[in-house]
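These notes concern the structure reproduced below.
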Amino acid sequence: MNRILLITTLIFLFSCNSSEKKAESSPVEERAEGIVSYSEVFDASFENVLNRYYALRDALVASDAAAADNAANGLIQSVGELKWDELKSVDTSNIIIPTAQTYTGGIDSESKGLVGETDIENKRKSFQMISGNLFDLARTVRYGKHKLYLLHCPMAFDNAGADWLSSTTDIKNPYFGDKMLTCGAVKDSVVLR
């Protein structure tokens with residue numbers, strides 16, 4: 001009986017050690033339901049994009065046009081620095097990267113448009129397009145290191161409504177600033193890993 005218990009324990013320990021070594025050697029790790037985790041390099045480059053986006057959002061919440069321009073310039077730089085090579089091992093059909101790059105192209109051009117605007121309301125219109133592109137980008141690359149929330153203000157742009165992203169469910173409306181700071185609700189979220 002002791003011999004069977006010893007053999008079972010050794011088999012269990014051996015199988016645990018061998019699966020840990022596989023995970024360490026692979027830059028892409030399979031997660032539950034076939035969802036993948038990219039390398040830390042890609043995740044760090046994507047988090048940089050998010051942080052620059054959040055700085056832009058916060059500048060618009062504060063109705064600070066100069067800070068919005070600085071943040072938009074930072075966002076332009078960070079989308080240009082995304083580490084696409086890190087996705088090649090999972091993009092075997094060559095769909096993820098080209099699709100994602102269409103969204104980064106939209107973020108880049110809208111950010112440049114935002115910087116060119118002098119009126120804060122026009123900057124907010126560009127921000128609306130940036131937000132939509134960034135949410136689609138996050139879904140395309142299956143970003144999920146941190147939960148992203150898509151928040152919605154139904155009253156923005158003469159009741160047409162507009163969305164923005166946040167890492168929390170706290171409502172700080174970039175479309176109205178302190179005029180209607182808490183106008184909005186959670187519309188969707190991205191949790192892919």
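The values are calculated or read from the model by the stated rules, or taken from the named source; none is laboratory data. What you see is a predicted model, and the numbers here were worked out from it, not measured in a lab. With ideal geometry, Cβ positions are generated from the backbone for all residues, glycine too; neighbour counts draw on all protein chains shown.
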Hey, any hits in segment 65-74 for a residue that's surrounded by fewer than 18 Cβ atoms within 10 Å (Cβ to Cβ) and closer than 22 Å to ASP170 by Cα? yes
Here are SER93, SER109, SER89: which of them is assigned to a loop (DSSP other than H, G, I, E, B), without any contact (Cβ under 8 Å) to a residue 12 or more places away in the chain and under 23 Å from ARG142 (Cα atoms)? SER93
Filter segment 108-126 down to residues that are under 9 Å from ILE76 (Cα atoms) and either surrounded by fewer than 17 Cβ atoms within 10 Å (Cβ to Cβ) or of a type in the set (Lys, Arg) (or both), then give me how many there are. 2
Those residues of segment 125-182 which are touching a Pro at 6+ places or on another chain (Cβ under 7 Å) and either among the small types (Gly, Ala, Ser) or more than 22 Å from PHE46 (Cα to Cα) (or both) amount to GLY161
Selection from segment 145-187 of residues in contact (Cβ under 8 Å) with a residue 40 or more places away in the chain and within 14 Å of SER131 (Cβ to Cβ) yields LEU148, TYR149, LEU150, TRP164, LEU165, SER166, SER167, LYS172, ASN173, PRO174, TYR175
Checking LEU82 against (1) crowded, with 19+ Cβ neighbours inside 10 Å; (2) within 27 Å of CYS153 (Cα to Cα), which single condition isn't satisfied? (2)
Residue hits (segment 103-121; more than 12 Å from LEU56 (Cβ to Cβ) and under 20 Å from the mean Cα position of the chain (by Cα)) are TYR103, THR104, GLY105, GLY106, ASP108, SER109, LYS112
Given the conditions (1) touching a strand residue (DSSP E or B) at 6+ places or on another chain (Cβ under 7 Å); (2) at pLDDT 95 or above, and given that VAL90 satisfies all but one, which numbered condition is not satisfied? (2)
Which residues, taken from segment 85-107, are closer than 26 Å to HIS152 by Cβ and crowded, with 18+ Cβ neighbours inside 10 Å? ALA100, TYR103, THR104, GLY106, ILE107
Of all residues in segment 122-165, how many are under 17 Å from LEU60 (Cβ atoms) and part of a helix (DSSP H, G or I)? 16
